[in-house]
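Encoded as structure tokens, the structure appears first; notes follow it.
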Amino acid sequence: MAALPPLATIEQLEDWLQVPRGSAPIDTCTLALQVASALVRMEARTTFTRRTGELALRIVDGLVRLPGPVVSVASVQVAGQLLPDTGWWREGEELWVACPPRDVRRRAVVTLTHGFETVPDDVLGITLDVASRGCVNPLSLRQESTGQRSVTFATETLAMSLAQIEKDKLARYRDQRPVARWGR
């Protein structure tokens, strides 16, 4: 699988850092954006990209949880058989199969378009915050002094990691719906 593009551009990072366009070191910014994007995607458990393809998803009591946001579902197959349009229906990010298989190991192969067309603003901001910490303070210093001049970067060094508040903000993008079976 090809590497995903960073969630932000170098130009956006330069604007975030309030430096003139073209003045930031390209290699440093590129690496910082790649690392920050990977951290954000891993924490949110989503890629923040729009994709079309086939996914094999578990069926639990006739319900298939789709990765969101869902744009459209083109087809559904169960046990190698293409289901007619009357054999399934979608409610938001849930897909229901009219005749669920008895074998609990069955999966539905769903052809769908899902994901984000653009990176949400809050995700963009978190990515730029993390990348800027890596660019501005690459050695993770808390304080630096030269003669009478002293610069304090932060009371807590975060560098290229996510703060707890950033993790909390990204939690809303994770699928946190429990799958429960009743009467079994």
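General remarks:
- Placing pseudo-labels 7 Å out from each Cα toward the beta carbon at A98 and E117 gives an inter-label distance of 3.2 nm.
- Ordering R107, R133, R90 by accessible surface, largest first, gives R107, R90, R133; the 1.4 Å probe counts only protein heavy atoms, with every chain in place.
- For region 1-144, carbon and sulfur atoms together expose 54% of the accessible surface, with a 1.4 angstrom probe and every protein chain in place.
- One decimal place: the segment I26-E11 gains 4.4 nm when fully extended, by the rule 0.36 nm per residue minus the C-alpha distance.
- Here region 1-65 is treated as an ellipsoid with the same Cα gyration tensor; its semi-axes, largest first and in whole Å, are 35, 11, 10.
- Net charge of Cβ neighbours under 14 Å - reference V40; Lys, Arg +1; Asp, Glu -1: +1
- Accessible-area value, D129, 1.4 Å probe, nucleic acids and ligands omitted, Å²: 60 Å²
The values are calculated or read from the model by the stated rules, or taken from the named source; none is laboratory data. Quantities reported herein were computed from a predicted structural model and do not represent experimental measurements. Every residue, glycine as well, gets a Cβ built from its backbone with ideal geometry; the counts of neighbours run over all protein chains shown. The area values use the complete protein model at the heavy-atom level, side chains included, leaving out ligands, DNA and RNA. Shrake-Rupley method; radii C 1.70, N 1.55, O 1.52, S 1.80 Å.
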